[in-house]
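What follows is a short report on a single structure.
Laboratory data are not the source of any read-out in this text; all were calculated from the coordinates shown. What you see is a predicted model, and the numbers here were worked out from it, not measured in a lab. Please note: Cβ atoms are built from the backbone with ideal geometry, for glycine as well, and neighbour counts cover all protein chains shown.
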C-alpha cells in the first residue's frame with residue numbers, strides 16, 4: 001500500500017474515540033523531529049472553505065506548523081460549488097501545515113455521496129485515509145486491554161471483559177449506537193486507574209466503580225417480548241424512555257402482527273424455510289420470528305394485540321406521556337399479556 005505523501009487526512013467510522021485520534025499520526029509525520037503542530041479544531045457547520053484556507057495556506061516561519069482538524073465536514077460539501085471550493089483548499093496547504101477531516105458516522109446509515117466524494121478527493125491528492133470501526137462484542141475486551149497498555153494501566157482479562165459488558169458492548173442488536181462506547185470505556189478505564197494507582201485492576205474494582213450502562217435497544221425489547229421473557233422485556237422497556245410512546249406501540253404492533261402471520265402459516269404446515277420466500281425475510285430473521293411465534297398460542301397473540309390497543313389509548317389519554325404512567329402501563333401490559341400462563 002502506497003504511503004500517504006500529502007499533508008492531508010480523512011478519518012471516518014463509527015468509533016468516536018479512534019476517529020478523534022486519527023490525525024495523531026499525521027501530526028507526528030508532519031512535525032518530523034521538530035516542534036509539534038498547533039491544532040485548530042473546526043466544525044463543518046460553523047466554518048467555511050475560505051476560513052480553512054486562511055489557516056493552512058501560510059507557512060510558519062518559527063516553531064511548529066498548524067494542523068486544522070475539521071469535524072463533521074458534510075455542510076462544507078452540501079452543494080457542488082461548496083465541494084469544489086473545498087477541493088481547491090486541499091492544494092493550498094502550505095509546507096509544515098496539515099488538514100484533516102473527521103467523519104463520525106452511524107454504523108447503520110448510508111453515507112452521503114458528497115462525503116464519499118470528499119474522501120476520494122483527499123485520497124487522490126495523496127492524503128491518508130483511515131476507517132475506524134467500533135469494536136464488536138467479542139473485540140471490545142481486547143480493545144480495552146490495548147488502550148490500557150498504551151496508558152501503562154494494568155487490568156486483568158476478566159476485568160476488561162466485565163468493563164466491556166458494563167458499557168454495553170455485549171449487546172448484539174444492530175440498532176444499538178456504539179459510536180461512544182470507546183470513549184466511555186477509556187473514561188472508565190482512567191477512573192479505575194486512579195482508584196487502583198499502581199495495582200492491577202480486577203473485576204471487583206469494575207463492579208464497585210462502573211455503573212451498568214447497557215444501551216436501550218428496540219430490537220432487544222421486541223425480541224424479549226416475542227420470546228415472552230417478561231423480566232428482560234420490562235427492564236428493556238425502562239431503558240427505552242427516550243423512544244416516544246406512540247413509536248413504541250407501533251413497533252410492538254408490527255412485531256405482534258408478524259408473529260400472528262407466521263403462526264398462521266406454521267399452523268397449516270408451512271415449513272420454516274418457506275417463510276423466507278413467502279414473507280420475504282432473510283434466513284436469520286425468519287428463523288428468529290418462527291421461534292418466537294412457537295412461544296405463543298393464537299388466542300394469546302390475539303389477546304396481546306387487543307391489549308396493545310388499550311395500551312395505546314391509555315398512553316394517549318390525559319397524563320399519558322408522563323414517565324410514571326408510561327412505565328406503569330407498559331409494565332402492566334407485559335405482566336398481563338406477555339407472561340406465559342404459570343410463568344414468572
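Remarks
- Cα-based radius of gyration of region 133-257 once divided by 2.2 N^0.38 Å, which approximates compact folds: 1.22
- Placing one equal scatterer on every Cα of region 130-206 and applying the Debye formula, the log10 ratio I(q)/I(0) at q = 0.26 Å⁻¹ is -1.25.
- Full-extension gain in nm, residue 276 to residue 39, via 0.36 nm per residue minus C-alpha separation: 80.0 nm
- When the chain is reduced to its Cα atoms, the Kirkwood hydrodynamic radius in Å: 23.9
- More than 24 Å apart - percent of Cα-Cα pairs taken over region 8-132: 21
- Between helix 298-316 and the chain: long-axis angle, C-alpha atoms, 0 to 90°, nearest 10: 60
- Among 178, 21, the order by Cβ neighbours within 10 angstrom, fewest to most, reads 21, 178.
- As computed over region 199-341, the Cα convex hull volume per residue (Å³): 143
- Using R0 = 25 Å, the C-beta based FRET efficiency linking residue 253 and residue 212 works out to 0.25.
- For the pair residue 266 and residue 80 in one chain, pulling the backbone fully straight at 0.36 nm per residue adds 61.6 nm over the alpha carbon distance.
- Among 195, 11, sorting on how many other beta-carbon atoms sit within 10 Å of each Cβ, with the fewest leading, yields 195, 11.
- The chain: angle of helix 323-333 to the longest principal axis, Cα-based, in degrees nearest 10: 50
- With Cα atoms as the point set, the radius of gyration and Dmax of region 42-197 evaluate to 19.4, 55 Å.
- Of the residues 24, 15, the one with the fewest other Cβ atoms within 10 Å heads the list, and the complete ranking is 24, 15.
- Between helix 113-124 and the chain there is an angle of about 40 degrees, using the helix long axis and the longest principal axis of the Cα atoms.
- Here the peptides 246-254, 277-285 are ranked by packing, the mean other Cβ count within 10 Å, and the order with the highest first is 246-254, 277-285.
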